[in-house]
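Engineer: If you scroll down you'll find the structure; I have some questions about it.
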Amino acid sequence: MKLSILALVFVSAPAWAGSIPAQVTFNKDVLPIAQKRCQECHRPGEIAPFSMLTYSETRPWAKAIKSSVLAKKMPPWFADPKYGHFANDRTLSQQEIDTLVAWVDNGAKEGDPKDAPKPKDWMEGWNIPTPDLVLGMKEPFHIGAKEEVPYQYVIMPTEFKQDMWVQMAEARPSDRGVVHHIVVFIRQPENKWLRDQPVDVPFVPPGGGNFNNTSGGGSDILMIYTPGMIPEIWRPGLAKKIPAGSDLVLQIHYTADGKDSQDHSKVGLVFAKEPPKERAMTFGSYNLTFKIPPGDPNYRVDGMKNTFPNGVEILSFFPHMHVCGKSFEYRAVYPDGSTETLLRVPKYDFYWQLDYKLAEPLKLPPGAKIECTAWYDNSPNNPANPDSKALVSWGEQSWEEMMIGFYDVVIPADKSLRELFQTKKGQ
């Protein structure tokens with residue numbers, strides 16, 4: 001009987017079990033995983049609290065690495081694998097997890113330096129190639145240790161004399177610990193939003209946090225920065241358009257972290273080398289009228305539906321909520337009434353707000369709709385909830401809430417937004 005059970009266990013062992021070497025070392029086994037999965041954030045100047053470029057930098061954190069990968073807290077990734085396939089999926093394979101755990105359990109040895117792969121060529125100061133243009137604040141902005149800071153806006157004139165196409169864009173705070181997000185809006189010259197306001201310095205706009213300001217006054221979005229978000233890099237032939245005479249307007253959400261700080265954020269742009277055939281644009285499904293009851297552990301909020309009469313191609317998704325955010329879902333509704341779940345985030349994490357870039361763009365037929373649903377936990381069981389006895393509604397600050405399902409679409413470069421939604425004769 002014992003022999004039979006042993007044989008069963010042996011036969012049932014997964015194929016990858018035999019591929020874990022008896023002596024796991026950093027240089028031979030761990031460093032390749034770190035380069036592929038970790039160093040994007042775990043290197044000097046990036047958001048992670050320690051670097052994983054070298055053995056000496058990584059070794060003190062060995063036990064924490066084991067704990068995080070076993071709990072699947074790191075690398076951060078929250079999409080339900082049952083729905084959609086994403087190009088930026090950070091999920092570790094079981095073999096990678098077992099290799100990291102075996103390394104720690106066997107003494108976290110360095111190994112032979114000759115076994116180490118060639119260092120990855122990271123661009124110092126940027127996650128994109130050296131920008132063609134960098135725009136930034138004139139002076140740093142101060143954040144008090146316990147200060148409640150309203151959203152700050154910074155107008156940065158581009159002075160473009162012709163339409164410019166952006167192939168890559170990255171926003172970089174100088175103090176990531178106090179910057180919750182940066183939204184970079186493209187304010188076209190005919191848009192009157194925030195005219196006659198100062199340029200290149202942070203300010204609170206007239207009307208404060210009204211929805212017109214929060215949503216950019218109808219401007220397109222170039223990109224959004226949040227912790228864990230990778231830069232925007234559009235495929236060849238696809239780019240974001242900054243029309244001639246436009247300004248970039250930064251919306252910055254600062255959150256105090258218990259110590260006096262200052263931030264000097266900037267935005268880097270890499271321009272397309274040739275005129276693109278396709279244009280990326282950002283849309284959103286939102287709800288402004290919800291009231292989350294005190295103590296409710298699973299309150300549902302549905303966003304507005306966007307209908308595309310001529311069809312559309314979807315590139316990516318970016319759900320946004322605050323600390324009561326529990327889960328989020330995107331769905332396509334087809335002309336025949338059937339629905340398809342495109343993305344489900346069952347455990348939303350306010351502190352790691354990620355975008356989800358489809359491995360292959362999704363083409364929706366004419367008449368299809370995009371709809372979004374968010375769920376909120378306003379109960380005492382939510383450890384991030386500051387006050388489970390409060391009625392929670394829309395607002396800028398983290399203890400208030402938002403419901404926005406951003407997503408990027410593709411349209412022909414020569415087509416206007418009006419043409420995208422214009423119903424053709426006979427439809």
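Every residue, every condition in (1) outside any loop (DSSP other than H, G, I, E, B); (2) over 23 Å from L288 (Cα atoms); (3) of a type in the set (A, V, I, L, M, F, W, C); (4) open to solvent by 20 Å² or more (accessible area, probe 1.4 Å), yes or no:
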residue	(1), (2), (3), (4)
I314	yes, yes, yes, no
F317	yes, no, yes, no
V323	no, no, yes, no
R331	yes, no, no, yes
G337	no, yes, no, yes
R344	yes, no, no, yes
Q353	no, no, no, no
E360	yes, yes, no, yes
C372	yes, no, yes, no
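Engineer: Follow-up question, since we're still on this one. When residues of the range 374-422 are filtered for being in a loop (DSSP other than H, G, I, E, B) and within 22 Å of I252 (Cβ to Cβ), how many remain?
Structural biologist: The number of residues fulfilling the criteria is 10.
Engineer: Within the range 254-269, does at least one residue satisfy the condition of being within 30 Å of Y83 (Cα to Cα), of a type in the set (F, W, Y), in contact with a Phe, Trp or Tyr (Cβ under 9 Å, 6 or more places away or on another chain) and touching a residue at least 40 places away in the same chain (Cβ under 8 Å)?
Structural biologist: Taking every residue of the range 254-269 in turn, none turns out to be within 30 Å of Y83 (Cα to Cα), of a type in the set (F, W, Y), in contact with a Phe, Trp or Tyr (Cβ under 9 Å, 6 or more places away or on another chain) and touching a residue at least 40 places away in the same chain (Cβ under 8 Å).
Engineer: Please work out which residue is surrounded by the fewest Cβ atoms within 10 Å (Cβ to Cβ), limiting yourself to the range 109-129 and to residues that are farther than 30 Å from Q397 by Cα and in contact with a strand residue (DSSP E or B) (Cβ under 8 Å, 6 or more places away or on another chain).
Structural biologist: Only one residue fits best here, namely P129.
Engineer: So is E401 open to solvent by less than 10 Å² (accessible area, probe 1.4 Å) and either without any contact (Cβ under 8 Å) to a residue 24 or more places away in the chain or of a type in the set (D, E) (or both) or not?
Structural biologist: yes
Engineer: While we're on this one: In the list R187, R195, which residue meets the criterion of being farther than 24 Å from I47 by Cα and buried (at least 21 other Cβ atoms within 10 Å of the Cβ)?
Structural biologist: Testing whether each residue is farther than 24 Å from I47 by Cα and buried (at least 21 other Cβ atoms within 10 Å of the Cβ) leaves just R187.
Engineer: Please work out if S379 is over 18 Å from T307 (Cα atoms), of a type outside the set (A, V, I, L, M, F, W, C), modelled with pLDDT of 95 or more and open to solvent by less than 30 Å² (accessible area, probe 1.4 Å). Outline the logic, then answer.
Structural biologist: Details: over 18 Å from T307 (Cα atoms): yes; of a type outside the set (A, V, I, L, M, F, W, C): yes; modelled with pLDDT of 95 or more: yes; open to solvent by less than 30 Å² (accessible area, probe 1.4 Å): yes.
Yes.
Engineer: Kindly indicate which of V149, V178 is open to solvent by less than 40 Å² (accessible area, probe 1.4 Å), in contact (Cβ under 8 Å) with a residue 12 or more places away in the chain, closer than 22 Å to I230 by Cβ and touching a strand residue (DSSP E or B) at 6+ places or on another chain (Cβ under 8 Å).
Structural biologist: Of the residues listed, the single one that is open to solvent by less than 40 Å² (accessible area, probe 1.4 Å), in contact (Cβ under 8 Å) with a residue 12 or more places away in the chain, closer than 22 Å to I230 by Cβ and touching a strand residue (DSSP E or B) at 6+ places or on another chain (Cβ under 8 Å) is V178.
Engineer: Continuing with the same structure: Collect the residues in the range 224-264 that are within 24 Å of W399 (Cα to Cα), assigned to a strand (DSSP E or B) and not aromatic (F, W, Y), keeping them in residue-number order.
Structural biologist: I224, L250, Q251, I252, H253, S261, Q262, D263
Engineer: So, in the range 206-256, how many residues would count as being at negative phi and in contact with a helix residue (DSSP H, G or I) (Cβ under 9 Å, 6 or more places away or on another chain)?
Structural biologist: The total comes to 3.
Engineer: Here is a further query. Considering every residue within the range 9-26, establish whether at least one is modelled with pLDDT of 60 or more, in a helix (DSSP H, G or I) and open to solvent by less than 50 Å² (accessible area, probe 1.4 Å).
Structural biologist: Scanning the range 9-26 turns up at least one residue that is modelled with pLDDT of 60 or more, in a helix (DSSP H, G or I) and open to solvent by less than 50 Å² (accessible area, probe 1.4 Å).
Engineer: Okay, next question. Which of the residues spanning the range 297-307 are assigned to a loop (DSSP other than H, G, I, E, B) and either surrounded by fewer than 18 Cβ atoms within 10 Å (Cβ to Cβ) or without any contact (Cβ under 8 Å) to a residue 60 or more places away in the chain (or both)?
Structural biologist: P297, N298, M304, K305 - these are the residues of the range 297-307 that are assigned to a loop (DSSP other than H, G, I, E, B) and either surrounded by fewer than 18 Cβ atoms within 10 Å (Cβ to Cβ) or without any contact (Cβ under 8 Å) to a residue 60 or more places away in the chain (or both).
Engineer: Go through the range 325-362 and give me each residue that's in contact (Cβ under 8 Å) with a residue 24 or more places away in the chain and charged (D, E, K, R).
Structural biologist: K326, E329, R331, R344, K347, D349, D355, K357, E360
Engineer: Going by what's in this entry, would V101 be described as β-branched (V, I, T), modelled with pLDDT of 90 or more and over 29 Å from V270 (Cβ atoms)?
Structural biologist: Taking the combined requirement at face value, the residue satisfies it.
Engineer: When the residues of the range 91-108 are narrowed to those that are open to solvent by 30 Å² or more (accessible area, probe 1.4 Å) and within 22 Å of the chain's Cα centre (by Cα), which ends up farthest from P361 (Cα to Cα)?
Structural biologist: If we take residues in the range 91-108 being open to solvent by 30 Å² or more (accessible area, probe 1.4 Å) and within 22 Å of the chain's Cα centre (by Cα), then S93 is farthest from P361 (Cα to Cα).
Engineer: Answer yes if at least one residue in the range 266-287 is closer than 18 Å to G136 by Cβ, open to solvent by less than 60 Å² (accessible area, probe 1.4 Å), in a loop (DSSP other than H, G, I, E, B) and not charged (D, E, K, R), and no otherwise.
Structural biologist: Taking every residue of the range 266-287 in turn, none turns out to be closer than 18 Å to G136 by Cβ, open to solvent by less than 60 Å² (accessible area, probe 1.4 Å), in a loop (DSSP other than H, G, I, E, B) and not charged (D, E, K, R).
Engineer: Taking the conditions exactly as written (aliphatic (A, V, I, L, M), touching a His at 6+ places or on another chain (Cβ under 8 Å), within 30 Å of P236 (Cα to Cα) and crowded, with 17+ Cβ neighbours inside 10 Å), does L364 satisfy them or not?
Structural biologist: So L364 does not fit the description; no.
Engineer: Name every residue in the range 382-395 that is buried (at least 17 other Cβ atoms within 10 Å of the Cβ) and over 15 Å from N298 (Cα atoms), in order of residue number.
Structural biologist: W394
Engineer: V30: free of Cβ contacts under 8 Å to residues at least 60 places away in the same chain and among the aliphatic types (A, V, I, L, M), yes or no?
Structural biologist: Judged against the criteria, V30 is not a match.
Engineer: On to the next question. Just need a number here: residues in the range 60-82 that are touching a residue at least 40 places away in the same chain (Cβ under 8 Å) and crowded, with 16+ Cβ neighbours inside 10 Å.
Structural biologist: Final tally of qualifying residues: 5.
The values are calculated or read from the model by the stated rules, or taken from the named source; none is laboratory data. Predicted, not measured: the structure shown is a model, and the values here were computed from it. Counting neighbours? That spans all protein chains shown, and the Cβs are built from the backbone with ideal geometry, glycine included. Ligands, DNA and RNA are stripped out before the accessible areas are found, and what is left, the full protein with its side chains, is counted by its heavy atoms. Shrake-Rupley method; radii C 1.70, N 1.55, O 1.52, S 1.80 Å.
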